[in-house]
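Reviewing the structure listed below.
Each value in this text was obtained by applying a stated rule to the coordinates, not by laboratory testing. None of these values were measured; they are calculated from a predicted model. As a convention, Cβ positions derive from the backbone with ideal geometry for all residues, glycine included, and neighbour counts pool all protein chains shown.
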Amino acid sequence: MNGRNRLRILLPALLVFFLLPAGRQSGIGWAQEPEPDRESAQKERPEPSASTQEVVAAIKRRAQQILEERRKARRLRVSWDLSQLVGYESNPANSPDHVGDTYLEQSLYGVFSKKLTPTVTWQGIYSGSYDNYLEYGDGDYMSHTLTPAKFLWQPGRMWRVDAGVDLNITYYPRSKPSNYREVKPFIGVRQNLGELPRIGSVFHSVRYEWFVRDYISKKARNGAGAETLSKRVDTRSRLRYEMGTTWKETLLKIRQEWYFHESNDERNDFYDAQDYKVAFSVNRPLTKKLSANASYSFERKNYTHRPVTGITGEARYDDTQTWTLAGAYEFNRTWSFSPSFSYKFLDSNEPTGEYVDTTISGAVTARF
Amino acid sequence: MPVKRWLVVATLIGWCGGAALPAQAAQEETLSVATEDPELQEQISQVNQALEEIHQQLVARKKALQMVLSDAQKARLYDELDGLRRERDMLERLLHDLVDEAQATEWTAIDEALKRARAAERPQERAVQREENLRERAQ
């Protein structure tokens, strides 16, 4: 084929190639769905003999009626989860002694939800729990978290945005100086990337949260270790990036987290730390009523200056590995049972801080 | 002219055409949304068709305007055009409300899977918090 003939074929082909996409209906990703069935819609339209104005007016009336009915149907939704958990922990004090104990946990989780617009939802959430050990009473504590406003924005199938603020108070009946209050604003964005061949529906998300923790009576120490007049205040910035896919109903996720924890306690900057965590998890429904969840995580916590026994010039670090296996069985719409097993191993350059902790638990939850 | 130069020219023509056409087509653009709600889908389709019809009538009156010479006829056509534009604006607002409503029901497989996983993660997060609280108290 000579150059001129090649051109005769190439040029129209190129023109067709570049012009065709411009004629398509515009839209982004998820919105590009097949054209609605115009033939059947045509049949449903009002009398063809009616004038255009009458047809348009009828369509408008019907559309307004549908919208009105749906807006009226939006009501405040409330749901409560009340759980009773019984567990055994091999090392609740997280010490090398390994003295196990049984613990009970009562928890209540309530969600108030209302659609403010078709794409914006408000949620108010309460989450409270009380943990008590049969013998290791020092571990008992009560925690209440109120989220007065959490807003979820769902502009289509691709994006999910949520933002709000958590207010928490944690109370230790046997160790009152450890009681604290916490304010935590947060924001998260998720992007559903759509269906990828052989991989499934893919998403990724980023989340940022920051908290200030105000100790109710504990004083901050100065560099020499003496208590100051100021109460201890800690802050933490956490960034989380997660990506995952749903492959044949199985949800696979990988999550990375970074946080920076700072405290006004100056004694060796004991509480200041930088933390990195990576977690893999799998969740899958096994039957209509039973689902399983497995996860593994590795966490490195680098303390800024916390000294290590017998070593000078090196700050402490902790490496924690956690394996978890959990299930959930729904007896009916109200009752469910969730067994869980977890194994945790903490490795550190501070030998007195190393420990292994195994927990096995079962929780019964009533939803109403 | 060498083949490569022809290819560049063809590409530019294609690009220019591709860039110009969507703007032209935008006048007749219809909104669609992926929803499993048949009532909304049908209503969106009907409003889209009504918009197309109004667009055709607008075009027809604009063509008629160029041919008509009498002032009275022109005035009548301008009035009709105004009326049609008002109808179009109202329908477009309605269409956006319907699409917003449909989007609110756009629940994906990922949403469902994450909701299920969230229920399993919440006790784990509580366990992590419990451990941190215990360690915090002990220090």
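Each label point was placed 7 Å from the Cα along the Cα-to-Cβ direction; for A:Asn302 and B:Gln73 their separation is 8.4 nm.
Structure shown: which of A:Lys219/A:Lys277; A:Lys277/A:Lys344; A:Lys150/A:Lys231 lie over 24 Å apart, alpha-carbon to alpha-carbon? Where the Cα-Cα span goes over 24 Å, the pairs concerned are A:Lys219/A:Lys277; A:Lys150/A:Lys231. The C-alpha atoms of chain A define a longest principal axis, and helix A:52-73 lies at about 20 degrees to it.
Give the relative contact order (percent, whole number) for chain A; include only Cα pairs under 8 Å separated by 6+ residues.
Numbers: 867 pairs, mean separation 39.5, N = 368.
Computed over chain A, the figure is 11 percent.
Counted residue by residue at 0.36 nm each, then reduced by the alpha carbon distance between them, the extension gain from A:Leu325 to A:Ala366 reaches 12.6 nm. Dipole of region B:36-106 computed with +1 at Lys/Arg Cβ and -1 at Asp/Glu Cβ about the Cα centre; of B:Asn48, B:Leu94, B:Leu81, farthest Cα towards the positive end is B:Leu81.
For the pair A:Leu196 and B:Arg85, what calculated FRET efficiency results from E = 1/(1 + (r/R0)^6), where r is the Cβ-Cβ distance and R0 = 35 Å, to the nearest 0.05? Spell out each step's value before the answer.
Working: r = 44 Å, r/R0 = 1.25.
With R0 = 35 Å, the Cβ-Cβ based efficiency is 0.20.
For region A:52-111, applying the loop criterion from DSSP together with a ceiling of 14 other beta carbons within 10 Å to the trypsin sites (Lys or Arg not before Pro) yields A:Arg74, A:Arg75.
Applying a DSSP loop filter and a limit of 13 other Cβ atoms within 10 Å to the trypsin sites (Lys or Arg not before Pro) in region A:310-368 leaves A:Arg333.
Starting from the Cα-Cα distance between A:Ala58 and A:Thr117, subtract it from 0.36 nm times their residue separation and give me the gain in nm to one decimal.
Details: separation 59, 0.36 × 59 = 21.24 nm, distance 2.50 nm.
Taking A:Ala58 through A:Thr117 to full extension adds about 18.7 nm, to one decimal.
Computed about its Cα centre, the charge dipole of region A:79-367 is approximately 1500 debye, with only Lys, Arg, Asp and Glu carrying charge at their Cβ.
Restricting region A:214-274 to trypsin sites (Lys or Arg not before Pro) that sit in a DSSP loop and have at most 13 other Cβ atoms within 10 Å of their own Cβ leaves A:Lys248. Peptide B:44-56 has a mean shielding of 5, counted as Cβ atoms of other protein chains within 10 Å of each residue's Cβ.
Between helix A:3-23 and chain A there is an angle of about 70 degrees, using the helix long axis and the longest principal axis of the Cα atoms. A Förster radius of 60 Å combined with the Cβ-Cβ distance from B:Glu52 to A:Asp97 puts the calculated FRET efficiency at roughly 0.15. Label positions at A:Val206 and A:Asn349, each projected 7 Å from the Cα along the C-beta direction, are separated by 3.2 nm. Averaged over the residues of B:90-101, the number of partner chain Cβ atoms lying within 10 Å of the residue Cβ comes to 4.
Note on A:Tyr241 and A:Lys219: the extension gain reaches 4.4 nm, defined as 0.36 nm multiplied by sequence separation minus the Cα-Cα distance. Taking θ as phi - 60° and the Karplus parameters 6.51, -1.76 and 1.60, the scalar couplings of region A:182-197 work out to 9, 10, 9, x, 8, 8, x, 10, 10, 10, 7, 7, x, 8, 10, x Hz in sequence order, x denoting glycine and proline. In summary, the lysines within cross-link reach of A:Lys248, defined as a Cα separation below 26 angstrom excluding same-chain residues under 8 places away, comprise A:Lys288, A:Lys289, B:Lys115. Give me the net charge for the shell around A:Ile254: Cβ to Cβ below 12 angstrom, other residues only, Lys and Arg +1, Asp and Glu -1. Computed value for this residue: +2. Taking label points 7 Å from Cα along the Cα-to-Cβ direction, A:Thr309 and A:Val78 give a separation of 5.3 nm.
Only one residue of A:Gly200, A:Thr170, A:Phe211 has its Cα farthest out toward the positive end of the dipole of region A:144-229, where Lys and Arg carry +1 and Asp and Glu -1 on Cβ, and that residue is A:Thr170. Of all segments of chain A bounded by GluC sites (Glu not before Pro) found in a DSSP loop with no more than 15 other C-beta atoms within 10 Å, the longest spans A:1-134. Between the beta carbons of A:Glu69 and A:Tyr276, assuming R0 = 56 Å, the FRET efficiency works out to 0.65 to the nearest 0.05.
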